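**Student:** Here it is: the structure, laid out below.
The values are calculated or read from the model by the stated rules, or taken from the named source; none is laboratory data. Every value quoted in this text rests on a predicted model; they were computed, and no experiment measured them. All Cβ positions, glycine included, derive from the backbone under ideal geometry; neighbour counts span all protein chains shown. To get the accessible areas, we keep the full protein, side chains included, count just its heavy atoms, and leave off ligands, DNA and RNA. Shrake-Rupley method; radii C 1.70, N 1.55, O 1.52, S 1.80 Å.
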Amino acid sequence: MTPEAFIQQQAAKAILAIYGTEVVETSLQVSVTRKEFEGDYTLVTFPLLKITRQAPDATGNAIGAWLMQNVKEISAYNSVKGFLNLSFSPVYWNESLQEIASGNDFGRLPATGRRIMVEFSSPNTNKPLHLGHIRNNLLGDSVSRILKACGNEVIKSTIVNDRGVHICKSMLAWKKCFDGKTPENTGIKGDHLVGDCYVAFDKLYKAEVKELMEEGLSEEDAKKQAPSLKEAHEMLVKWEQNDPQVRALWEMMNGWVYKGFDQTYAALGISFDQVDHESETYLLGKELVQKGLREGVFETEADGSVWCDLTADGLDRKLVLRGDGTSVYITQDLGTAERRFNTYKLDSHVYVVGNEQDYHFQVLKLILKKLGFDWADQIYHLSYGMVELPEGKMKSREGTVVDADDLIESMYQEAKKTSEESGKLEDLSEEEKDRLYHIIGLGALKYFIIKVDPKKTMLFNPKESIDFNGNTGPFIQYTHARICSILRKATVSFGPESIQADAKPSAKEVRLIKLLSLYPGKVAEAGTALSPAVIANYAYELAKEFNQYYHDTPILKETEMAVLRYRLELIETLARTLRSAMSLLGIELPERM
């Protein structure tokens with residue numbers, strides 16, 4: 001039971017005993033006491049005045065006095081202008097710690113019966129994954145873990161954007177410039193090779209535009225008439241007509257990319273329950289367009305194109321079908337959303353997509369609502385800010401992106417360098433060291449990105465992320481390793497039974513127990529806000545508080561066995577909670593560093 005629930009339960013008993021009125025426990029407002037006041041948790045008494053018919057302070061004092069007399073877990077109280085501040089006795093904190101230490105699923109919330117789909121990653125098959133994709137993937141994976149910890153059934157999904165003129169650009173460049181090169185005969189990872197093709201097309205295209213401009217065309221006309229762009233569009237038409245040669249090339253090159261993506265996902269610890277491909281879904285939504293036309297939601301223009309007028313809703317007119325009958329992105333998303341809600345019987349759908357698509361999802365939800373789908377209100381756009389580098393923004397066409405594979409490798413090398421400089425790993429085998437460097441490097445990368453609120457644009461600096469001090473993944477990992485070291489050196493047995501109700505924890509130990517008790521609430525908060533940053537910063541606070549405690553408390557030098565066992569069980573519970581919290585971020589905590 002959380003501290004808030006405990007106070008709600010006991011306060012309800014007090015109100016019934018004093019005033020003869022039953023109240024719903026969950027209706028009572030309880031929160032952590034503000035730092036400027038004395039107490040642990042605060043009960044808001046303003047809403048009770050209709051029951052008590054007393055002044056706020058009189059109400060608070062009456063309830064506080066009853067709790068002091070009848071509840072051994074309450075040690076003190078003070079009433080300040082409608083707020084009853086309550087202090088817990090050591091008995092409460094000991095009972096709380098024992099409950100936390102005894103439970104294997106602490107922080108995992110009861111099942112809700114809700115089924116939620118989280119869509120993330122959604123890469124294009126014309127380039128490898130880069131730093132921007134990493135933020136998307138880490139957010140999507142972590143949000144999925146958190147929603148599952150909140151008691152939901154979660155389906156992790158992705159839709160691969162494997163068709164379109166951008167794909168044809170890479171295909172065309174491969175035919176023109178790459179002389180039959182493959183991942184096998186070059187040793188180049190498949191998605192990297194295709195990405196090189198995409199960059200090569202851009203160079204070819206720019207050279208053609210420059211040449212046409214030198215011949216007298218305007219820049220706008222030159223861009224439209226560049227031969228390579230025309231060829232790419234012609235190739236897309238052939239693809240849609242199922243031309244066997246174009247389709248064979250498309251399947252071959254996409255196969256290279258899929259294999260490359262899978263390797264990157266595996267390195268990041270990312271997996272999906274459902275994978276869709278745009279080549280299989282791009283025709284979805286056309287039936288919905290006909291439905292919208294019948295119901296007057298859409299209107300047809302003279303050229304045959306179909307539009308949805310959203311001006312009355314503060315937006316603009318949105319194209320949903322081109323004049324030639326081909327669909328646009330919003331059409332596909334309408335059809336995909338309908339299929340997913342119907343197929344999977346979803347209660348909610350979370351799209352993890354950058355904030356440049358905010359308007360798109362406004363339109364998507366609004367059109368679905370106009371089409372009569374009530375579940376449109378259960379679509380959530382987890383809009384996140386872009387990742388920038390000290391050098392500025394990344395550009396895929398110019399090949400100036402930070403490649404995901406290169407970044408993962410650089411984090412490994414940074415972890416290796418920093419760890420070797422510490423000189424604490426001499427007794428580990430090379431294999432153990434290698435695994436440890438991967439754990440530290442990946443933990444640093446994930447934590448540095450996830451600790452930032454999703455809505456914020458972030459600046460990524462690899463060297464800062466690997467620091468073993470401050471608010472970093474390696475700092476939390478090192479804290480866990482330090483606790484494990486203490487536990488390994490302990491020569492006495494311990495367990496939940498080591499926590500006796502009459503034990504007298506120090507102020508710092510009470511502070512640690514308080515932080516531990518907050519964990520389920522933090523999981524719930526992160527799930528509601530769809531923000532892994534809540535968990536990341538909670539884990540940091542817990543690690544930071546332990547290190548202060550460790551600095552002031554020589555645990556293994558304690559001579560009183562009961563106190564030693566108590567402290568060992570406390571820090572073991574703390575290590576377990578750190579592992580649980582960081583696992584929600586997809587981060588592993590090593591036992592040695």
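**Student:** Highest mean first, how do 478-488, 323-333 rank when packing is the count of other Cβ atoms within 10 Å averaged over residues?
**Tutor:** Going from most to least packed, we get 478-488, 323-333.
**Student:** Leaving out ligands and nucleic acids, and using a 1.4 Å probe, what accessible area per residue does region 19-74 come to in Å²?
**Tutor:** 61
**Student:** Any idea which of Ile466, Ala524, Tyr478 is furthest toward the positive side of the dipole for region 444-561, if Lys and Arg beta-carbons carry +1 and Asp and Glu beta-carbons -1?
**Tutor:** Ile466
**Student:** Now, a different point. Which far-off residues, 5 or more places away or on another chain, put their amide H under 5 Å from the one on Ile74, with H placed in the peptide plane?
**Tutor:** Those lying under 5 Å, H to H, from Ile74 are Ser89.
**Student:** Further question on the same structure: Can you tell me which lysines have their Cα less than 25 Å from the Cα of Lys181? Leave out same-chain residues fewer than eight positions away.
**Tutor:** Within the straight-line cut-off, Lys181 pairs with Lys127, Lys169, Lys189, Lys203, Lys206, Lys230, Lys238, Lys259, Lys395.
**Student:** I would also like to ask the following. Please report how far the C-alpha centroid of region 109-159 lies from that of region 221-286, rounded to the nearest whole angstrom.
**Tutor:** 22
**Student:** Would you mind checking Lys148/Lys451; Lys148/Lys455; Lys451/Lys504; Lys156/Lys446 for any pair whose Cα atoms are more than 27 angstrom apart?
**Tutor:** Among Lys148/Lys451; Lys148/Lys455; Lys451/Lys504; Lys156/Lys446, the Cα-Cα distance tops 27 Å for Lys451/Lys504.
**Student:** What FRET efficiency comes out for Asp324 versus Asn242 if R0 is 22 angstrom and r is the Cβ-Cβ distance? Round to the nearest 0.05.
**Tutor:** For R0 = 22 Å, the calculated efficiency reads 0.80.
**Student:** For the charge dipole of the chain, defined by +1 on Lys and Arg C-beta atoms and -1 on Asp and Glu C-beta atoms about the Cα centroid, which residue among Trp307, Ile571, His277 has the Cα displaced farthest towards the positive pole?
**Tutor:** Looking along the dipole axis, the top candidate is Ile571.
**Student:** Still on this structure, I have one more. Please work out the average accessible area per residue across region 262-404, using the 1.4 Å probe convention, and give it in Å².
**Tutor:** I get 49 Å² per residue for region 262-404.
**Student:** OK, next. May I ask you to rank Glu560, Glu25, Glu388 by accessible area, largest first, using a 1.4 Å probe over the protein chains only?
**Tutor:** Glu560, Glu25, Glu388
**Student:** Just flag the GluC sites (Glu not before Pro) in region 120-223 sitting in loop per DSSP whose Cβ has no more than 13 other Cβ atoms within 10 Å.
**Tutor:** Within region 120-223, the qualifying GluC sites (Glu not before Pro) (loop, at most 13 other Cβ atoms within 10 Å) are Glu215.
**Student:** Lys and Arg at +1, Asp and Glu at -1: add these up for the other residues within a Cβ distance under 15 Å of Ala11 and post the number.
**Tutor:** Taking every other residue near Ala11 into account, the sum is -4.
**Student:** Note the listed values (i) 1.19; (ii) 1.11; (iii) 1.28, then indicate which one is Cα Rg over 2.2 N^0.38 Å calculated from this particular structure.
**Tutor:** (i)
**Student:** Further question on the same structure: Helix 430-450: angle to the longest alpha-carbon principal axis of the chain, degrees 0 to 90, nearest 10?
**Tutor:** With both axes taken from Cα atoms, the answer is about 90 degrees.
**Student:** Calculate for the chain the 222 nm mean residue ellipticity that helices alone would give, adding -39,500 (n - 2.57) per DSSP H run of length 4 or more and normalising by residue count, nearest 500 deg cm²/dmol.
**Tutor:** Rounded to the nearest 500, it is -17500 deg cm²/dmol.
**Student:** Expressed as an acute angle from 0 to 90° and rounded to the nearest 10, what is the orientation of the C-alpha long axis of helix 131-149 relative to the principal long axis of the chain?
**Tutor:** Tilt of helix 131-149: around 40 degrees.
**Student:** If you don't mind, there's one more thing I want to ask. Between His381 and residues 5 or more places away or on another chain, which pairs have amide H atoms under 5 Å apart, with H built 1.01 Å from N, and which residues are they?
**Tutor:** Tyr351
**Student:** Which percent of Cα-Cα pairs in region 299-367 sits in each 10 Å bin, short to long?
**Tutor:** Computed distribution, short to long bins: 17, 45, 32, 6.
**Student:** Next question, about the same structure. Rounded to a whole number, what % of the accessible area of region 169-303 do carbon and sulfur atoms account for, probe 1.4 Å?
**Tutor:** For region 169-303, the apolar C and S fraction of the accessible surface comes to 49 percent.
**Student:** Could I ask something else about it? In the neighborhood of Glu464, defined by Cβ-to-Cβ distances under 12 Å, what is the net charge if each Lys or Arg adds +1 and each Asp or Glu adds -1?
**Tutor:** Value of the local net charge: 0.
**Student:** Which far-off residues, 5 or more places away or on another chain, put their amide H under 5 Å from the one on Thr33, with H placed in the peptide plane?
**Tutor:** Amide H neighbours of Thr33: Tyr41, Thr42.
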